[in-house]
Amino acid sequence: MEIRIGQGYDVHAIAMGLPMYLAGVQIEESAMGFVAHSDGDVAIHALCDALLGAAAMGDIGKHFPDTSDEWSGIDSKILLRKVMEMLSAGGWKVINADITIALQAPKVRPYIDTMRATLAPILGVGTDCVSIKATTSEQLGFVGRGEGCQVWAVVLIQR
Ligand code: MG
């Protein structure tokens, strides 16, 4: 059996009047959202890059360029499904994923179980194999000033 690790990282700026999507879930209480070509789901983008990185299949910008109208405003869960199709074609299965979201507000914690339940079936694993952790940056830097959201993702895959 072959086992690979992959890591992904993404940042999106925050702006007023946009819907906020994180890890496949809309954060209804937020009047702000992420500026992006897609729906701005920064957590799914980091996860896609971790998966593609583990399989050495490039990155999300290579497969879904932000210059293409095809991906404009797209639900990032669709991008994640496409990435999973690419990995499956290579014989890869996900073992587990661990995601860290740095966002000053709103609090992500109340949404974590819904996020795990949303991502797990797309990844083809149980919810116990999908970890999502939330942190602030203690008011420091662009995250702390509420200007953006930063996400790190790590995955293991096997074939
Ligand atoms: Mg992105």
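The conditions are (1) within 15 Å of the ligand (Cβ to nearest atom); (2) under 17 Å from Ile132 (Cβ atoms); (3) in contact with a strand residue (DSSP E or B) (Cβ under 8 Å, 6 or more places away or on another chain), and Gly24 fails exactly one of them. Which is it?
Gly24 satisfies all of (1) within 15 Å of the ligand (Cβ to nearest atom); (2) under 17 Å from Ile132 (Cβ atoms); (3) in contact with a strand residue (DSSP E or B) (Cβ under 8 Å, 6 or more places away or on another chain) except (3).
For the stretch 9-21, which positions are near the ligand (Cβ under 10 Å from one of its atoms) and either buried (at least 17 other Cβ atoms within 10 Å of the Cβ) or under 16 Å from Ile122 (Cβ atoms) (or both)?
Result: Asp10, His12.
Asp128 passes all but one of (1) on the phi < 0 side of the Ramachandran plot; (2) within 17 Å of the chain's Cα centre (by Cα); which number fails?
(2)
Search the stretch 41-52 for residues that are at positive phi and pair each with any residue that is more than 9 Å from the ligand (Cβ to nearest atom) and open to solvent by 10 Å² or more (accessible area, probe 1.4 Å) when their beta-carbon atoms are under 8 Å apart and the residues are at least 6 apart or on different chains.
Sorted first by the residue in the stretch 41-52, then by its partner, the list stays empty.
Just to be sure, is Glu85 within 19 Å of Arg159 (Cβ to Cβ) and among the acidic types (Asp, Glu)?
yes
If Gly33 satisfies all but one of (1) within 15 Å of the ligand (Cβ to nearest atom); (2) assigned to a strand (DSSP E or B); (3) under 11 Å from the mean Cα position of the chain (by Cα), what's the number of the condition it fails?
All conditions are met except number (3).
Kindly indicate whether any position in the stretch 53-60 is under 20 Å from Gln150 (Cβ atoms) and crowded, with 18+ Cβ neighbours inside 10 Å.
Within the stretch 53-60, the first condition is being under 20 Å from Gln150 (Cβ atoms), and the residues that meet it are 53, 59-60.
Among the residues that remain, those that are also crowded, with 18+ Cβ neighbours inside 10 Å are: 53, 60.
Checking the stretch 53-60: at least one residue is under 20 Å from Gln150 (Cβ atoms) and crowded, with 18+ Cβ neighbours inside 10 Å.
The values are calculated or read from the model by the stated rules, or taken from the named source; none is laboratory data. This is a predicted model, so every value here is computed, not measured. Note that we place each Cβ from the backbone using ideal geometry, even for glycine, and neighbour counts take in every protein chain shown. The accessibility values were calculated without ligands, DNA or RNA, using every heavy atom of the protein model including side chains. Shrake-Rupley method; radii C 1.70, N 1.55, O 1.52, S 1.80 Å.
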